[in-house]
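For reference, the structure discussed in these notes is given below.
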Amino acid sequence: MGSTPDGRSKVTATATEDRKQTPPVRRAGDRVFSGTARGAGILMLIALAGVAAFLVIKAIPAFSASPAELPNHGSLAGYIWPLLFGTLLAAVIALLVGAPLAVAIALFITFYAPRRVAQVLGYLVDLLAAIPSVVFGFWGIGWLAPRLVPFYAWLEKHLGFIPLFTGPASVTGRTMLTVGLVLAVMILPIITAISREVFRQVPSLHREAALALGATRWEMIRLAVLPYGRSGIIGGAMLGLGRALGETLAVAIVLSVSGAVTFDLISSENPSTIAANIALNFPESSGIQINALIASGLALFVITLAVNMLARWIVARRAEFTEAS
Amino acid sequence: MSTQTPPAPAPSSTTLPDLGGGHRRRLPRRAPVGLFVVGALAGALTGRLTGGNVALTVIYAAILGTLAVYVVSAVVDGRRKATDRLMTCLVTGAFLIAMIPLVSLVYEVLRNGIKRLDATFFSNSMVGVIGEGGGAYHAIWGTLIVTGLTTLISVPIGLFTAIYLVEYGHGRLKGAITFFVDVMTGIPSIVAGLFAYALFEIFFGPGVRMGLAGAVALSVLMIPVVVRSTEEVLKLVPNELREASYALGVPKWRTIVKVVIPTAAAGLGTGVTLAIARVVGETAPLLITLGITNATQNNPFVDERMATLPVYAYYQLTQPGVPPQFGIDRAWTAALVLIILVMALNLVARLISRFFAPTTGR
């Protein structure tokens, strides 16, 4: 559409040259469409920045508030610290229980299960991810907690010398360990999904070479699969950790809270977690109390953001590495 | 327990010769399964005799079964083979352990929830209900409205972001968006709720409770999921189709609208449905931004509380009222309805991808 009468008169020589000089056709529709698409992408970044900005703005009044106005009648750090401790404790238990289990499940589905049923088994594990967290809370308090009571009594009696199990054992089972187990189940699907993805990518040459050298199946996994998938597993585990840190309703329903900072996992005296504390106290809070809750939410946001960014970075670095090799 | 193992090797050693050839003794292929059964039976017996409950019996059976396999295999085959079999037992056991929560959860919710799964539950709200009766009519409507609004916000933004990433994006902006979309999938849901509250407090003052705020909070959670899944699908559209369209002189935006998106339609439908399933059960952000009410309130644009199914379930369980049983029953039924809703959405997603997938390999 761009060639002028002048250009056309210089018959043959310009045919190719002309095409080179004409800028690519930019129709109005194209500009609008690409602009919209780019705008949506930028909106994503703004939204994330907005989340951070609004939390900071709303948290600031809590930093300058007098101790009397805060929910604990003390300093803000003194308010957030026990919650942070509880959050980390629950998430670490979840990770210690959930990550090995999830890797084993991924190994089972990828290498042990008959190929025909593997797909279905994978789908079953994914179903766990689809169940809403409030229902996990129901399950935790209605099914799991009562069944763990005798186990906790046994732990207190026989392993009570370990600080983790000093007791007195809770009679309701609504303890930090129960919460950790519920969270472990909740983070299983994501760690399993990422581990399976990584295991699938292990070059079959590596695996066949190991088997050809006489390795048993487990030796093949230990020598070829796990070293290859290590960073993927670590990344997946950290994503699971991020999820466990931010989990709200399951903790709010299951945990019996007293605010004590303790490593005793089986008593009814437990620190709350940041997310559960917000869910439990937000509806009845007003004024500076809400600012204090938002300040604790900001702490949670920063921690999960750091954990997630680190996890994504590890996974992404692995992707580059495998592409290169 | 070690007294239980000796009987097992006897049959295996008799079948040894037909494996032949080897200068080493080996267990036949099926032997570990038999050994495990023998060990497990012994364990189950021990559990029963010591008066343990079902869980203890199963644990004993699993431990003794594994031990039987390991010990016999170590004696006959050697340490390496034995380790291999031990790991097989452990890995299989891990999978079975993971199935316990799934099965027990579904069973428990069905058992407790089925009691109140009646017409009243779907046709009545909680207005004036003390004790028996009452339902989740208002909460179901609230969930549908808020989720619908969330979808209306999230799908265009998410889809256009995915189109940008696949069709237009390059350089640092693309890298930044990809990275932060991934990071956003990890935002705790309660933080998204706090964000929406803080945003709407500016316009409507402290203590705001509003359907739209809930939809915004859920959108923060849903958009990254939509972007992730639709981006994957758009990437699958063959480049040849785009090039053929360009060669016919079709502008890029019409190529995307008329060629790329219709080709990917089934995958997009699946991705969006799964994203809806992700947020429909979210409780924490709605607890903060919507609160709970007993009456039907279907306008999400006014500063009034709205009931939603997950929040309804939470409050019915934790604050069930004076004779607590009725509230607790309603809570479990709400949980059951919620699970059915999520499973239905998952099923729809699968059906979409099965029936509307583009025909390949013509």
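Here is how the numbers come out for the structure above:
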item	result
Of the criteria (1) surrounded by 15 or more Cβ atoms within 10 Å (Cβ to Cβ); (2) more than 8 Å from chain A (Cβ to nearest Cβ); (3) within 29 Å of B:Glu282 (Cα to Cα), which one B:Phe203 fails	(1)
Unmet criterion (only one of (1) more than 27 Å from A:Ser34 (Cα to Cα); (2) at pLDDT 95 or above; (3) among the small types (Gly, Ala, Ser)) for B:Gly211	(2)
So A:Glu208, is it away from chain B (no Cβ under 14 Å), among the acidic types (Asp, Glu) and either in contact with a strand residue (DSSP E or B) (Cβ under 6 Å, 6 or more places away or on another chain) or part of a helix (DSSP H, G or I) (or both)	yes
Residue in the stretch A:223-241 that is assigned to a strand (DSSP E or B), closer than 14 Å to A:Leu183 by Cβ and either in the same structural domain as A:Ile109 (by TED's automatic domain parsing) or modelled with pLDDT of 90 or more (or both) present	no
Filter result for A:Pro82 (at the interface with another protein chain (Cβ under 9 Å from one of its Cβ atoms), surrounded by 14 or more Cβ atoms within 10 Å (Cβ to Cβ), modelled with pLDDT of 80 or more and under 30 Å from B:Pro101 (Cα atoms))	no
Residue among B:Pro300, B:Pro285, B:Pro310 that alone is under 23 Å from B:Ile223 (Cα atoms) and more than 14 Å from chain A (Cβ to nearest Cβ)	B:Pro300
Checking A:Arg312 against (1) modelled with pLDDT of 85 or more; (2) facing another protein chain (nearest Cβ under 9 Å), the condition it does not meet	(1)
Subset of the stretch A:162-182 [part of a loop (DSSP other than H, G, I, E, B) and β-branched (Val, Ile, Thr)]	A:Ile162, A:Thr166, A:Val171, A:Thr172, A:Thr175
From the options A:Phe301, A:Phe263, residue that is assigned by TED's automatic domain parsing to the domain that holds A:Gly140, in contact (Cβ under 8 Å) with a residue 60 or more places away in the chain, touching a Leu at 6+ places or on another chain (Cβ under 9 Å) and not in a helix (DSSP H, G or I)	A:Phe263
Selection from the stretch B:109-149 of residues that are exposed (fewer than 14 other Cβ atoms within 10 Å of the Cβ), small (Gly, Ala, Ser), more than 23 Å from the chain's Cα centre (by Cα) and closer than 20 Å to B:Leu290 by Cα	none
Matching entry among A:Leu245, A:Leu255 (being buried (at least 19 other Cβ atoms within 10 Å of the Cβ) and closer than 21 Å to B:Gly186 by Cβ)	A:Leu245
Spans of helices (runs of 4 or more DSSP H) in the stretch B:222-306 with at least 3 residues crowded, with 20+ Cβ neighbours inside 10 Å and either outside the structural domain of B:Thr150 (by TED's automatic domain parsing) or touching a Ser or Thr at 6+ places or on another chain (Cβ under 9 Å) (or both)	B:252-255, B:261-280, B:284-289
Some residue of the stretch B:180-192 being charged (D, E, K, R), more than 7 Å from chain A (Cβ to nearest Cβ) and either in a helix (DSSP H, G or I) or closer than 30 Å to A:Val302 by Cα (or both)	no
Only listed residue being among the polar types (S, T, N, Q), within 30 Å of B:Met87 (Cβ to Cβ) and in contact (Cβ under 8 Å) with a residue 24 or more places away in the chain, chosen from A:Thr175, A:Thr166, A:Thr110	A:Thr110
One residue from B:Leu165, B:Leu152, B:Leu102, B:Leu159 being more than 12 Å from chain A (Cβ to nearest Cβ), more than 21 Å from B:Val38 (Cβ to Cβ) and part of a helix (DSSP H, G or I)	B:Leu152
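Condition check ((1) away from chain A (no Cβ under 12 Å); (2) free of Cβ contacts under 8 Å to residues at least 24 places away in the same chain; (3) of a type in the set (Asp, Glu); (4) crowded, with 16+ Cβ neighbours inside 10 Å) across all residues:
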{"position": "B:Gly34", "(1), (2), (3), (4)": "yes, no, no, yes"}
{"position": "B:Gly47", "(1), (2), (3), (4)": "yes, yes, no, yes"}
{"position": "B:Val54", "(1), (2), (3), (4)": "no, yes, no, no"}
{"position": "B:Val58", "(1), (2), (3), (4)": "yes, yes, no, yes"}
{"position": "B:Leu86", "(1), (2), (3), (4)": "no, yes, no, yes"}
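The values are calculated or read from the model by the stated rules, or taken from the named source; none is laboratory data. Please read all numbers here as calculations on a predicted model, not as lab measurements. Positions of Cβ are generated from backbone atoms using ideal geometry, with glycine treated the same way; all protein chains shown enter the neighbour counts.
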